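Shown next, in C-alpha cells, is the structure this report addresses.
Any read-out appearing in this document is the output of simple, stated calculations on the displayed coordinates, not a laboratory observation. Since the structure is predicted, the reported quantities are computational estimates derived from the model, not experimental observations. Cβ placement follows ideal geometry from the backbone for every residue including glycine, while neighbour counts extend to all protein chains displayed.
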Amino acid sequence: MTGSPSPFRQILGPALDRLPAPVQRVHDLAAPLTAAGLADVTVSAGLIPWITCALAGLPRSGRDVPVRVSFSPDGHGAERWVRRFGNRRYASTIRAGRRGDGAMALVERLGPFQLFFELRPDDMALTWRSVGWRWLGVPLPAAAVPRIACRESAHEDRFVFDIEFALPVVGPVIRYRGWLLPDTA
C-alpha cells in the first residue's frame, strides 16, 4: 500500500526511528498488521467505571486476557484500529491533526468523540498523554478532559503497552497492560 505516511511518522518524523523496533513496527505501517497477545486488565470499583467500560466496549477485569488488534492504514495518513480484549471489542480511527493551540497532536476518533494526544518519544518508549477532546466537533472544557496516559515500549520482540484511563471527579476507570506480537495465523 502506498500513500501518506502513518500518523505517527507525520507527527514524530525521524524521532520515530529511535523508538524500539516493536514500537516502530506498529506505528510506521505501510500495510495492515494484526497483532495478538495477552493483557492484565483492572477496572476500578464502582458503577461509573463499570458503565463507562461497558458502553465503550473497554475490557473487563482479568489476568492474561487474550488481545487481538488490527491496524489498517487507509493510504491517506489515517489508520483504523480494531481492538478485541476477550469478548469485548472497540474500534477507533487515528490520524495526525492539530490541537486548538495549533500544535501537532495524534487525534483518535471514538464514535462522536475526538481525543487529542501529545506524543513524547525517547529511546526506550513512546508516551501518549491526553490534552484535549471534542464531542461532535465541539471543543469540550479542559477541566473535563479524561486523563489518558499510555506508555508503549518493547520487551525482546514484543510490543508492550500500559494504558491508564481516568475521569475528572470520578478518578481511575481502567488500567490495562500487556504485550502484542504480529499474528501470523
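Taking the criterion of being loosely packed, with under 15 Cβ neighbours inside 10 Å, without any contact (Cβ under 8 Å) to a residue 24 or more places away in the chain and among the charged types (D, E, K, R), the residues of segment 81-107 that qualify are ARG98, ASP101.
Tell me, yes or no, whether segment 136-143 has at least one residue that is within 21 Å of MET124 (Cβ to Cβ) and β-branched (Val, Ile, Thr). Checked against the condition, which is being within 21 Å of MET124 (Cβ to Cβ) and β-branched (Val, Ile, Thr), segment 136-143 yields no hits at all. For GLU164, indicate whether it is part of a strand (DSSP E or B), farther than 17 Å from ARG25 by Cα and within 19 Å of the chain's Cα centre (by Cα). Against the criterion (part of a strand (DSSP E or B), farther than 17 Å from ARG25 by Cα and within 19 Å of the chain's Cα centre (by Cα)), GLU164 qualifies. Contact map, segment 127-155: first residue in a strand (DSSP E or B), second residue among the hydroxyl-bearing types (Ser, Thr, Tyr), Cβ cut-off under 7 Å, separation 6 or more or different chains; pairs are ARG147/SER130; ILE148/SER130; CYS150/THR127; ARG151/THR127.
Residues that are without any contact (Cβ under 8 Å) to a residue 60 or more places away in the chain and of a type outside the set (A, V, I, L, M, F, W, C) were ranked within segment 115-126; the one that is surrounded by the most Cβ atoms within 10 Å (Cβ to Cβ) is GLU118.
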